[in-house]
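Step one of this worksheet: look at the structure below.
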Amino acid sequence: MGLFKCKLCGKVLSTNFLSVKHNLCKRCFIDLEELYDKSGIHNYIRDHGLPENFTPEQLAEDLGLNPRNVVLLYELGFFERDIQVYSHAGKERREKLAGELSFELNKMRIRKKINQARDSEPKEINKTNSNSYGGSLYRRRRRF
């Protein structure tokens with residue numbers, strides 16, 4: 001069991017925490033997640049996009065946040081999911097997936113209508129005297 005020092009608060013902790021790979025204590029990691037959710041970074045990236053020469057310090061300045069926290073969020077990969085979602089290549093991929101989804105939903109609707117029509121048709125009742133398969137072969141015949 002090793003020890004590490006949290007990047008934000010400076011506490012010395014054991015390595016049994018989930019966020020050890022980021023050198024953050026559990027409380028600081030949760031605080032960063034809350035900061036990301038409540039600060040509007042996601043909305044800013046969606047509305048303005050990120051330029052090619054993006055730096056986390058510029059984003060922190062634009063949003064009025066502590067640059068240290070924004071840099072840590074960037075290092076932890078919080079922005080990557082937003083950048084992928086709002087990129088042009090991602091838009092084409094999302095449109096293709098949406099088309100495939102609508103196609104599959106239409107197929108399901110058609111199958112449902114066919115099944116409903118089949119269930120609503122009156123069924124013919126076959127009243128012939130027939131035995132089940134093999135019933136007549138294996139039934140003992142009585143000889144008198």
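The values are calculated or read from the model by the stated rules, or taken from the named source; none is laboratory data. Being a predicted model, the structure only gives us computed values, none of them experimental. In this analysis, Cβ positions are derived from the backbone assuming ideal geometry, glycine residues included, and neighbour counts consider all displayed protein chains.
When the stretch 22-36 is examined, which residues are found to be out of contact with any strand residue (DSSP E or B) (no Cβ under 6 Å at 6 or more places or on another chain) and either not in a helix (DSSP H, G or I) or not assigned by TED's automatic domain parsing to the domain that holds Asn69 (or both)? Matches in the stretch 22-36: Leu24 only. The numbered conditions (1) modelled with pLDDT of 85 or more; (2) closer than 24 Å to Cys9 by Cβ are all true for Asn106 except (2).
Residue by residue, here is whether (1) within 22 Å of Leu24 (Cβ to Cβ); (2) of a type outside the set (A, V, I, L, M); (3) modelled with pLDDT under 80; (4) not in a loop (DSSP other than H, G, I, E, B) holds:
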site: Lys38; (1), (2), (3), (4): yes, yes, no, yes
site: Asp47; (1), (2), (3), (4): no, yes, yes, yes
site: Val71; (1), (2), (3), (4): yes, no, no, yes
site: Phe79; (1), (2), (3), (4): yes, yes, yes, yes
site: Asp82; (1), (2), (3), (4): yes, yes, yes, yes
site: Arg93; (1), (2), (3), (4): no, yes, yes, yes
